[in-house]
Structures are given as structure tokens and as C-alpha cells.
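Computed from the coordinates by the stated procedures, all read-outs in this text should not be read as laboratory data. Keep in mind that what you see is a predicted model, and the values were worked out from it rather than measured. Here Cβ is always computed from backbone atoms with ideal geometry, including for glycine, and neighbour counts include all displayed protein chains.
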Amino acid sequence: MVTLNEFNSRASEELWPELLACCDVPAWADAVLRARPYADIDGVLATASELAAGLAGPDVERALAAHPRIGDRVSGTDTHSKWSRQEQSGVSDDADVAAQLLDGNLAYEQRFGRVFLICATGLSAEQILASLTRRLTNDDATEAAEVAEELRKIAVLRLRKVFTA
């Protein structure tokens, strides 16, 4: 956890790992840091949100590569792994649900060529499955926009944790 004063004054290289755990896009992390100093935490979050909303192409693909498949159990001890476990806490241990998630993830990956991403915090396994099923019917452009929005929500949610952990 850092205070706003620490966030504004620390060396960029000290904050980089925490920012990359929020969104693994170096250009995004650099831009958030370049916008310092911030008057308040809401300002940091608003800037981060605006910058994340503009991510596309290779930046999105890089960020997605840092996210585990929904339903996979992450075992690492790093910040990103810890946050992934927290965010997926609503995913059931039920074998039937796990099988449905696996099947849905595989269908999604086959259809779109990337991992299914959803801001899972506060969602039940049933809600995640419903979203996964619905999004499988999206065209490529619609799905790319949904992925970008989910990535933005996750980045802001995680950045808030940097200040409140």
C-alpha cells in the first residue's frame, strides 16, 4: 500500500511493478507515472481509467497474457496472483461449473484467439458463465470493445488496491 504522497514522490522504477500488476502494459504505466503529481487518489484513478480505455492491439494482447483463464487456480505469491485469486473468489469449486467454464473458455479461445477476460470481482460463477456465453456471439469489433472495457475496469480496481491494500 502506498499513500498519495508516496505515489507522487517515489521513483518510477519503485512503482512500476505495482502498476504492471494492475495492467501489464509498460506504456500505460509510464503514462500514469508521467502525469504525476496528482491532487488526490480519484485523480490517479481517473487518469489511469482514461489511459486504459485507449489501449488497443498489442497492448491489449500483452495485458491479456498476464491474466489467468477464468476458473484456473493461480498459485503464485506475487501481487498479480494474489489479486487474481481475490477477483475470482466468486468462481465455484463445483465440478460441473468448472467443466462449463473450461468448455466456455476453450470455445472463446477458439473463436477469438485469446483468453476470456472479465472483471470477475463480485460476480458469481453463473454470472461469469452467462457473460461468457453471450460474448461468444459477439462480432470481433464488439468483443474487442468489451475486452478493452473489462481490462480498464480491472486496471482501475487493482490500482485502487495499491492505495487501500
| request: Specify which residue in the list Ala63, Thr121, Ala35 is farthest towards the positive end of the charge dipole of segment 4-164, using unit charges on the beta carbon of Lys, Arg (+1) and Asp, Glu (-1), about the Cα centre. | output: Ala35
| message | Between Arg36, Arg134, Arg114, where does the largest GNM mean-square fluctuation fall for the chain, given springs only between Cα atoms within less than 10 Å? | response | Arg134
| said: Of Ala148, Phe163, Asn138, which is farthest towards the positive pole of segment 4-164's charge dipole, taken about the Cα centre with +1 and -1 on the beta-carbons of Lys, Arg and Asp, Glu respectively? | reply: Phe163
| query | Span-like helices, the chain: DSSP H, alpha-carbon axial extent 20 Å or more, mean Kyte-Doolittle -0.5 or greater, which ones? | reply | 95-112, 140-164
| field | For segment 4-164: relative contact order, % (alpha-carbon pairs under 8 angstrom, 6 or more apart) | value | 30 percent
| query | Can you give the Rg and Dmax of the chain based on its C-alpha atoms, in angstrom? | reply | 16.2, 49
| task | Let me know the charge dipole size of the chain about its Cα centre in debye, to the nearest 20, where only the beta-carbon of Lys, Arg (+1) and Asp, Glu (-1) is charged. | result | 260 debye
| said: If I take R0 = 30 Å and measure r between the Cβ atoms of Ser49 and Thr137 in this structure, what FRET efficiency does the formula 1/(1 + (r/R0)^6) give, to the nearest 0.05? | reply: 0.65
